[in-house]
Amino acid sequence: MESQPEGYDVGAVEAWVRDVVPELSPPFRWLRLEGGHSNLTYQIEDSQGQLAVIRRPPQGDLLPKAHDMSREWALIKALSTTSVPVPRPFGFCEDPSVTGAWFYIMGRIDGKPLYNSDDTKALIPQDRREAMAHSFFDALANLHQVDPDTVGLGELGKRDSYIGRQVKTWYRSWTSSVEGASYDDDRAHQLQAHFLANLPDQGPIRVVHGDYGLHNCLFGADSKVAAIVDWEISTLGDPLADLAYALNAWPDPTDTRPITPEAATSPPGFPSRSALAARYAQKTGRDLSNLPYYIAFNRWKSACIVHGVYARYMEGKKSTEGVDLPTLKSRIDLSLTLAEEAIAEA
């Protein structure tokens, strides 16, 4: 056990567990886990050898919606009753007097995320990569088949024009970063106008993860998705935006440029992006004829995100030690180019 797990009053937390979570038996052995968007995440092992995970926000002042434990907990608890793979929900504490912040406890999943090609090569044998890719998109299809109203998630977010709101948010990010970045690109503005002029009918509202990727899935020994994690920015919205974001990480024979060798999806043995999109369509029955719009939107959104990061570096708000700024800037250009190509395909 660590001498004092950061952000946790061990005695108070374990007393709370004794009162509220009968499935776990303190005292615990605590082990810090990395990742999780800076949330203070620990593996806890109870006196019977059962493993669980406890999460709370980082210490210090936070933005109002940052590190939202209640949102994550609501999603895990609600989705645990469906076919969506999530950790087992044990308990949620919204009494900050226990350890200074809200926290929740969920089951420990025996699985690992994939961040890069080395992870894929080490964890996913080539003869299992097709099954792994199918599992990844089947899990997303299962999520998008859940009616949020039937599982108590109907108030998770606004229900109107998800893409319209996203375009507004990320365009504001771009324009507010132009001065700091000392860099603008007419295509960012032209694409924003195109997206607004061609807003799609989002169809039935669904839970969207918002950051559905191999880095936010835990893959088990069978190379399949054991659990989807990190639900902090999930909301109600257009499921095809989630799908396009996930698909953008996968290569396809029609691509004009190869995927980067470091990408988790670059090793051989995976189905093509178009085959995976077709599988999702078959699983959900959704019409993907407008998918290039969503692909383009996510490429443009990526450009806006990287542009904001680049601006903070240029303003001296983040240390540039070890950062290749020209390469970072080139990622903005590439994302805008890919967005234009997707629109041309449409």
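The values are calculated or read from the model by the stated rules, or taken from the named source; none is laboratory data. Here the structure is a predicted model, which is why all the values come from computation and not from measurement. A quick note on method: Cβ atoms are made from the backbone with ideal geometry, for glycine too, and the neighbour counts reach across all protein chains shown.
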From (1) hydrophobic (A, V, I, L, M, F, W, C); (2) part of a helix (DSSP H, G or I); (3) buried (at least 18 other Cβ atoms within 10 Å of the Cβ), pick out the condition that doesn't hold for LEU153. (2)
Would you confirm whether or not the stretch 83-106 contains a residue that is part of a helix (DSSP H, G or I) and buried (at least 20 other Cβ atoms within 10 Å of the Cβ)? no
Does the stretch 205-214 include one or more residues that are of a type in the set (Val, Ile, Thr), in contact with an Asp or Glu (Cβ under 9 Å, 6 or more places away or on another chain), touching a residue at least 60 places away in the same chain (Cβ under 8 Å) and not in a strand (DSSP E or B)? no
Filtered residue count, the stretch 96-118, keeping only those that are touching a Phe, Trp or Tyr at 6+ places or on another chain (Cβ under 9 Å) and either farther than 20 Å from PRO57 by Cβ or touching a residue at least 40 places away in the same chain (Cβ under 8 Å) (or both): 13
Check GLN126 against each of (1) surrounded by fewer than 18 Cβ atoms within 10 Å (Cβ to Cβ); (2) within 27 Å of GLY7 (Cα to Cα) and name the one condition it does not meet. (2)
Kindly indicate whether any position in the stretch 252-260 is under 19 Å from the mean Cα position of the chain (by Cα) and either farther than 17 Å from THR120 by Cβ or surrounded by 21 or more Cβ atoms within 10 Å (Cβ to Cβ) (or both). no
For the stretch 164-204: of the residues being modelled with pLDDT of 95 or more and in contact with an Asp or Glu (Cβ under 6 Å, 6 or more places away or on another chain), which is surrounded by the fewest Cβ atoms within 10 Å (Cβ to Cβ)? VAL178
Inside the stretch 318-346, can you point out the residues that are more than 26 Å from PHE195 (Cα to Cα) and assigned to a loop (DSSP other than H, G, I, E, B)? LYS318, SER319, THR320, GLU321, GLY322, VAL323, ASP324
